[in-house]
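Undergrad: I have a structure I would like to understand better, so I am pasting it below and will then ask my questions one at a time.
The values are calculated or read from the model by the stated rules, or taken from the named source; none is laboratory data. Nothing here was measured: the structure is a model prediction, and the numbers come from that model. Cβ atoms come from the backbone with ideal geometry, glycine included; neighbour counts cover every protein chain shown. These accessible areas exclude ligands, DNA and RNA; they are computed on the full protein's heavy atoms, side chains included. Shrake-Rupley method; radii C 1.70, N 1.55, O 1.52, S 1.80 Å.
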Amino acid sequence: MANRLKVEDVNIYYGAFKAVEGVTLTFEPRSVTAFIGPSGCGKSTVLRTLNRMHEVIPGGRVEGSITLAGQDLYAAEVDPVAVRRTVGMVFQRPNPFPTMTIFDNVVAGLRLNGLRNKSELADAAERSLRGANLWNEVKDRLNKPGAGLSGGQQQRLCIARAIAVEPHVLLMDEPCSALDPISTQAIEDLIEELKTDYMIVIVTHNLQQAARVSDQTAFFNLAATGQPGKLVEVGPTPRIFEHPVHESTEAYVSGRFG
């Protein structure tokens, strides 16, 4: 499909250190891809290259090609801020703007993009909060601080903020790691709903979560201590968990290491 996200022969560096080597991946619209693998193998590093967050880190650079709908996201004429509007991100720990109301948190990106019409902002806030399954819980306290919500509600608020600017891709870096089981279930249900409109890429250490929510799973690993992380294999999630090709994948998904 025209709106595929494609990563081709990508190497990722922190200064002179090559952190990840030779990654080639394709992501389809309206699907969920999970990144799994032991700590330090480059999952979150690869995720951050997809919306040019990696280059914010001093010394961070990327070699290779990353394209969305055929557009090179790293082309000289492409504005990184525009990339981050198209490829939204939800982080490991909920990070609502602490001094802002629930409403202001949701529409912050829209205001940054120049939208000032109060009616349009109100419509966007409701649409996004409904999309994040949070509207009914907060509709009567939109002017209360976002930081006053529970952890699970704060994470859904951050998802509402991300989808308010109508991105094509939604990245999630361990979005449930700081949440209780009930909040985790709410986020997983939400991911299932959101994939009807978005391409989603999620990093998770929870193998059961990857099996539950993703259509495609990519397993990353380190060849050896101090060596770059590599993509070992990628495929439909049932195959990766039930019939992995590589011995290291089988060892990881069966719990024998990692």
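Undergrad: Treat each spin label as a single point 7 Å out from the Cα along the C-beta direction, and report the ALA251 to GLU120 distance in nm.
TA: About 5.6 nm, to one decimal.
Undergrad: Work out, step by step, the length gained on full extension between SER65 and ALA82: first 0.36 nm times the residue separation, then minus their alpha carbon distance; give nm to one decimal.
TA: 4.4 nm
Undergrad: Related question: Report VAL56's accessible area, 1.4 Å probe, all protein chains in place, as a number in Å² to the nearest 10.
TA: Near enough 90 Å² of accessible area.
Undergrad: Further, regarding this structure: Using a 10 angstrom cutoff on alpha carbons, build the Gaussian network for the chain and name the most mobile of ILE182, ILE191, ILE163.
TA: In the Gaussian network model the winner is ILE182.
Undergrad: Nearest 0.05, what FRET efficiency do GLU8 and HIS243 give at R0 = 45 Å with Cβ-Cβ as r?
TA: For R0 = 45 Å, the calculated efficiency reads 0.95.
Undergrad: Can you tell which of VAL169, GLN92, TYR74 lies farthest toward the positive end of the dipole of the chain, using +1 and -1 charges on the Cβ of basic and acidic side chains (Lys, Arg; Asp, Glu)?
TA: Of the options given, the answer is GLN92.
Undergrad: OK, next. Once each part is reduced to its C-alpha centroid, what is the distance from segment 193-208 to segment 115-146 in angstrom?
TA: Segment 193-208 and segment 115-146 have Cα centres separated by 23 Å.
Undergrad: What is the sum of charges, Lys and Arg at +1 and Asp and Glu at -1, for the other residues whose Cβ falls under 13 Å from the Cβ of PRO96?
TA: +3
Undergrad: Still on this structure, I have one more. For segment 218-257, state the average projected area of the convex hull of the C-alpha atoms over all orientations, rounded to one decimal in nm².
TA: The Cα convex hull of segment 218-257, projected and averaged over all directions, gives 2.7 nm².
Undergrad: What percent do you get for the relative contact order of segment 205-258 when only Cα pairs under 8 Å and 6+ apart count?
TA: Once normalised by length, the contact order is 28 percent.
Undergrad: For LYS18, what accessible surface area do you get with a 1.4 Å probe? Give it in Å², rounded to 10.
TA: 50 Å²
Undergrad: Go through GLU188, GLU242, GLU247, GLU120 and list them by solvent-accessible area, largest first, probe radius 1.4 Å.
TA: GLU247, GLU242, GLU120, GLU188
Undergrad: Pairs of alpha-carbon atoms within less than 8 angstrom and 6+ residues apart define the contacts here; what relative contact order does the chain have, in percent?
TA: Averaging sequence separation for qualifying contacts and normalising by length gives 27 percent for the chain.
Undergrad: A further question follows. Dividing the alpha-carbon radius of gyration of segment 112-211 by 2.2 N^0.38 Å (N being the number of residues), what value is obtained?
TA: The value comes to 1.10.
Undergrad: Moving on. If every alpha-carbon in segment 138-196 counts as one equal scatterer, what log10 I(q)/I(0) does Debye give at q = 0.15, 0.20, 0.27 1/Å?
TA: -0.47, -0.83, -1.27
Undergrad: Another question about this same structure. Compute the signed sum of charges (Lys and Arg +1, Asp and Glu -1) over the other residues within less than 13 Å, Cβ to Cβ, of ARG256.
TA: Charge balance in the 13 Å sphere: -2.
Undergrad: Could you state how much accessible area MET100 has, in square angstrom rounded to the nearest 10, with a 1.4 Å probe and all protein chains kept in place?
TA: 60 Å²
Undergrad: Give LYS6/LYS230; LYS144/LYS195; LYS118/LYS195 a once-over and call out the pairs whose C-alpha atoms are over 26 Å from each other.
TA: Table pairs above 26 Å Cα-Cα are LYS144/LYS195; LYS118/LYS195.
Undergrad: On alpha carbon coordinates alone, what is the Rg over Rh value for segment 47-156, Rh being the Kirkwood radius?
TA: Computed over Cα atoms, the ratio is 1.03.
Undergrad: Still on this structure, please answer the following. How big is D for the chain, in µm² s⁻¹ as a whole number, if Stokes-Einstein is applied with the Kirkwood radius of its Cα pairs at 4 °C and 1.567 mPa s?
TA: Roughly 69 µm²/s, to the nearest whole number.
Undergrad: Further, regarding this structure: What value, in deg cm²/dmol to 500, does the helix sum -39500 (n - 2.57) over DSSP H runs of n ≥ 4 give at 222 nm once divided by the residues of the chain?
TA: Value at 222 nm, helices only, nearest 500: -10000 deg cm²/dmol.
Undergrad: Something else about it: Could you tally the net charge around ALA19, taking each other residue with its Cβ under 14 Å from the Cβ of ALA19, Lys/Arg +1 and Asp/Glu -1?
TA: +2
Undergrad: If you average the sequence gap of Cα pairs under 8 Å that are 6 or more apart and divide by the length of segment 30-169, what percent do you get for the contact order?
TA: 28 percent
Undergrad: Out of the DSSP beta bridges found with both residues in the chain, what percent are antiparallel (nearest 5)?
TA: Expressed as a percentage, antiparallel bridges in the chain total about 60.
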